[in-house]
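The values are calculated or read from the model by the stated rules, or taken from the named source; none is laboratory data. This structure is a prediction, so every number in the text was calculated from the model and none was measured. Neighbour counts are summed over all protein chains in view; Cβ atoms, including those assigned to glycine, are modelled from backbone coordinates with ideal geometry. Accessible surface areas use protein heavy atoms only, side chains included; no ligands, DNA or RNA. Shrake-Rupley method; radii C 1.70, N 1.55, O 1.52, S 1.80 Å.
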Amino acid sequence: MTERRVRDEWPAAAVLALFSAGLAAVSVNVPLFADDYCRAHPDFDLSRAFTAAWHSYLHWSGRFPVMWLNNLFFSGDGTGAIVLAVINGLASFAAGMMLLRWLGPGSRLGNLCWLTFYLVLFWFSTRSFGEAVFWKTGAVQFFWGAIAATACVGIMARATFCGATFAVGRPLALVGILAGFLGGMWLEHVSVAVTVTGAGLLVAGRLAGTGSWPRVVTLVYAAWVVGTVALVAAPGNYARIDVVGREDPLISRVLGISSYLLLHLDALILLAVIAFLGVALVRRPADFTRRALIASTFLVVGVVAAYATLGAPVMVFTGRVAFMSQWFFIVAAMALFPAAPFAAQPGPTLRRIRAAAVCIAVVCMAVLVFDGRNIHRAYASLKAQEAARHDRIDEALARGETELQLAPLYFSKRLHTKGREINKGRRFARDITIDSRHFTNRCYARFHGLDKVAL
């Protein structure tokens, strides 16, 4: 890395580090929710985490690495949940820096503006941000899975359209291959989408005469495909149909996915795409074709990931499942971010565009900081409520009581878990139900040593 590149990146990296630290701080305050307790134990046992993940692979879901991490982080005295929150922050920083270096304009001011718009889209335009990033099960499965998929697609796209060679040593290459295999086993619809998109990039490169991929890229993609096969072919995959108890007709699922796909293409993302394309038409930069191809690649991943849910037993393209497509739409939009207004000596029109972009970025950052502070306070309150529940449970057990009713969790007077789930953008909570026989209630009761628990 050149000294100039470091000099141009460090202000944006500092802002990203502050955002990621804030995300980790919020994650620490997010308590274990009802579903999390189904993979949690009061004591920590590494061998049990492997056994539980393998049992899940055979009887429930092929996401072996996800289930292993869940059983690992959720058990014990709470240390694992803190480690998970720290990793969440580190994952946010790593993803932001990776995308900045691949898609950013390169100049100091341009990088700051790029990062601000990326963070605002990430924070506000994903309708299930809390469910996919803050909820502990959601973060492991969906946020981390999105980053792994983005890295795999990114290296394939750069090898195809930018001629990137990715010259790395053997140890790093082996790490990349292992990461590709584990990423392929992470999440069904995204794994399939990356596999399909990678095949398309490979064919496109051959037809365009850009040559073959570097060997390490080919091996990473092959490992991803093997992981996807291991995931989809798991004996227990989609066993949850027995719990759901229904299967929608294929036509209904296609129509449902299509309608929800348009819904999840958020207005903020569309506005960013229109603005970035508008600036490109003013200058028509030399790198626009390359950026447009990379943006199209990520857009395809998001669309294919949506329709890949047709393989699921029910039409589930909502919530955290749709987050994945929204994430790829955001990356596609940021790939179109123009570098021309931030060049050394832009013309009068581009200088005005740059001034407007900086002003908008300042306002957006202020709104982001204000909303982030409110979200941190909201989850701190939720954590205190869950701690009060634990104190009540301890007092009841001391008196010999093993059946309890607990108060719902409240974000506000109107936003609470009496209906079991809150899913409003950055605010997410999934609670036990009024039925003590519900599986989440049984998981919660087992963890706390109770016979029955309900709202």
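Measuring between their Cα centroids, region 415-455 and region 267-339 lie 35 Å from each other. Note on region 133-291: Kirkwood hydrodynamic radius from all Cα pairs is 18.3 Å, rounded to one decimal.
The heavy atoms of Leu415 present about 40 square angstrom of accessible area, all protein chains included, probe 1.4 Å. If you sort Ile257, Ile353 by accessible surface, 1.4 Å probe, largest first, the order is Ile353, Ile257. Applying a 4.7 Å Cβ-Cβ cutoff to the chain leaves Cys113, Cys152, Cys162, Cys359, Cys364 as cysteine residues with no disulfide-compatible partner.
Semi-axes of the equivalent ellipsoid for region 103-220, please: Cα gyration tensor eigenvalues, times 5, square-rooted, ordered largest first, whole Å.
26, 20, 14
Normalised size of region 275-412, defined as Cα radius of gyration per 2.2 N^0.38 Å with N residues, equals 1.70. On full extension, the segment bounded by Ala380 and His55 gains 113.5 nm, given 0.36 nm per residue less the C-alpha separation. The separation of region 7-37 from region 370-409, counted between C-alpha centres, amounts to 23 Å. State the percent of C-alpha pairs, over all pairs in region 16-83, separated by a distance greater than 19 angstrom. I get 39 percent for the Cα pairs in region 16-83 exceeding 19 Å.
The angle separating the long axis of helix 79-103 from the principal Cα axis of greatest extent in the chain is about 20 degrees. Rounded to the nearest 10 degrees, the angle from helix 188-208 to the longest Cα principal axis of the chain is 20 degrees.
Which translational diffusion coefficient, to the nearest whole µm²/s, is obtained for region 249-349 from the Stokes-Einstein equation, given a Kirkwood hydrodynamic radius over C-alpha pairs, 25 °C and 0.890 mPa s? Answer from the Stokes-Einstein relation: 164 µm²/s. Calculated from the alpha-carbon coordinates, the chain shows an Rg and a Dmax of 22.9, 78 Å respectively.
For the chain, DSSP calls about 60 percent of its internal beta bridges antiparallel. Whole-percent P(r), region 49-97, all Cα pairs, 10 Å bins from 0: 27, 37, 31, 5.
Counting only protein heavy atoms and a 1.4 Å probe, the chain has 45 square angstrom of accessible area per residue.
Positive end of the dipole of the chain (Cβ unit charges, origin at the Cα centre): among Pro214, Thr51, Phe181, the Cα lying farthest that way belongs to Pro214.
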